[in-house]
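First the structure, in the form of structure tokens, and then the observations on it.
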Amino acid sequence: MKTLASGPADHRALEEFIDEGARAIVRAHVDPWLHFGSSGVSLKMLDGTPIFYSGIEFSGSALETFWSRKYIDGYLRAFVDTFVAETSKTARALGLDVGVVLNDIGGMLDTAIGRVLDRMVVVDQRLRGKGFPDTVKPRSVADRREELRSYIARRIKVEYATEILHARTIMIQGAARGSALVDSFSSWLLAGYAALVALLVSNADSLSLFLQPLALTYSLYGLAITAGLGLVQKAMAAMVASRGAGEAVGRELAERGAAISGMSVVVGEIMKATLPAMKPYMRRHFGRTAEGDLAADGRAAYKLAQWQLIVVALQTLLAIAFVAVMAWHAWPAESVPVVHAESAEVPTARTSIEGRNRAEMAPPEAAPEPVK
């Protein structure tokens, strides 16, 4: 572990120590089986259970013990536990990125375990073939390799669970605060648009000289669509806010010392209180948390807040678009008709007054004489 002391780039030097640890397992617990047919085998399992075989054929219980998960898997898991724990401890002490270091040694541990299992395949062939390994089909270790690979991944996750929980808190709290701001903007946008539509509808008669009836229809369509989008984002905001509140309560309980260790119980009670329509969604997200993915609900809340932002952006664009459509379908007021004939004189206020004055100043016409 001293190789980490010189800097982040040197953590790859741990591969040498990991390889040496794998070779030590082979020397102590795999290669001694090669003496099975001569001097016999006297070994121990990890829990101290003795293993002794002498003067029998390599088959039956001996073969089962050699490949038993209680035998070699115990040493391999202990090998993984030791390196993961010591490496993360040293990385934290040196201020290195624990996630990067553990991710790298995860691959190294997987390679080293593969070498141990491959050596077991070779020893198994030699023992079953009685010195002629080519006469025996090699045993497949793909399932064992996959099981141990999964164990490495789980062990690494557990080791930097502190970092995962911090990331979860950051995602949930950041999503909750951002969601609240977006929700507030959406509410003000919907209220302003609704006030505009109410003004247009209530003054439709007086505005008929400026707006076509089609523009008022578009305004009502726009109100319905923006209100629907507002309801969708409001539901998203409520879900994000509930997760933020739950995370705050959980953190408060943890600070008091009442740490929650039975996540399956918590998730089970949440599922009991969930409506049938929401159960698939809740089961999909909280199920991963119960299985050990501690940041699953944090990622879900963060994604939901982003979808909420997209919905509100769409709501805003549609509101602007409908206002633009109303403006496009508006027409100017025409209080005086326009005469297009060339010889016609357009009546004006001045000509009307002058004509009225002339009519008043002119003498009255004589009445026609009655016809005799």
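Laboratory data are not the source of any read-out in this text; all were calculated from the coordinates shown. Owing to the predicted nature of the structure, the values given are computational and were not obtained by experimental measurement. We place every Cβ from the backbone using ideal geometry, glycine too, and count neighbours over all the protein chains shown.
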Short version: ³J(HN,Hα) in whole Hz for each residue of the stretch 195-207, in order, from phi by Karplus 6.51 cos²θ - 1.76 cosθ + 1.60 (θ = phi - 60°), x for Gly and Pro, what are they? 5, 4, 5, 4, 5, 5, 5, 5, 10, 4, 5, 6, 9
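Stretch ARG149-LEU94 to full length: gain in nm at 0.36 nm per residue minus the Cα-Cα span? Walk me through the numbers on the way to the answer.
Working: separation 55, 0.36 × 55 = 19.80 nm, distance 2.73 nm.
Extra length available between ARG149 and LEU94 comes to 17.1 nm.
What number, in percent, do you get for the relative contact order of the stretch 29-69 if the mean sequence gap of Cα pairs under 8 Å and at least 6 apart is divided by its residue count? If you can, show how the numbers build up before the last one.
Values: 35 pairs, mean separation 12.4, N = 41.
This gives 30 percent for the stretch 29-69.
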ALA28 versus THR49: modelled label distance in nm, points set 7 Å from Cα along the beta carbon direction: 1.9
Computed over the stretch 49-146: relative contact order in percent, which uses C-alpha pairs under 8 Å that are six or more apart: 18
Across LYS234/LYS279; LYS44/LYS137; LYS89/LYS272; LYS137/LYS157; LYS70/LYS272, pairs whose alpha-carbon gap is larger than 31 Å: LYS89/LYS272; LYS137/LYS157; LYS70/LYS272
Cα→Cβ-extended label distance, 7 Å offset, between ILE320 and GLN212, nm: 2.4
With +1 on the Cβ of every Lys and Arg and -1 on the Cβ of every Asp and Glu, and nothing else charged, how large is the dipole of the stretch 90-139 about its Cα centre, in debye rounded to the nearest 20? 420
Can you find, among GLY107, VAL121, SER150, the residue farthest towards the positive end of the dipole of the stretch 106-166? Put +1 on the C-beta of Lys and Arg, -1 on that of Asp and Glu. VAL121
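By average Cβ neighbour count within 10 Å, what is the ranking of 15-28, 269-282, 103-116 from highest down?
Top to bottom by mean Cβ count within 10 Å: 103-116, 15-28, 269-282.
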Stretchable slack from VAL201 to SER42, in nm (0.36 nm times residue separation minus alpha-carbon distance): 47.7 nm
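Among 47-53, 231-237, how do they line up from the highest to the lowest mean number of other beta-carbon atoms within 10 Å?
Details: 47-53: 11.0, 231-237: 18.6.
Ranked by mean Cβ neighbours within 10 Å, highest first: 231-237, 47-53.
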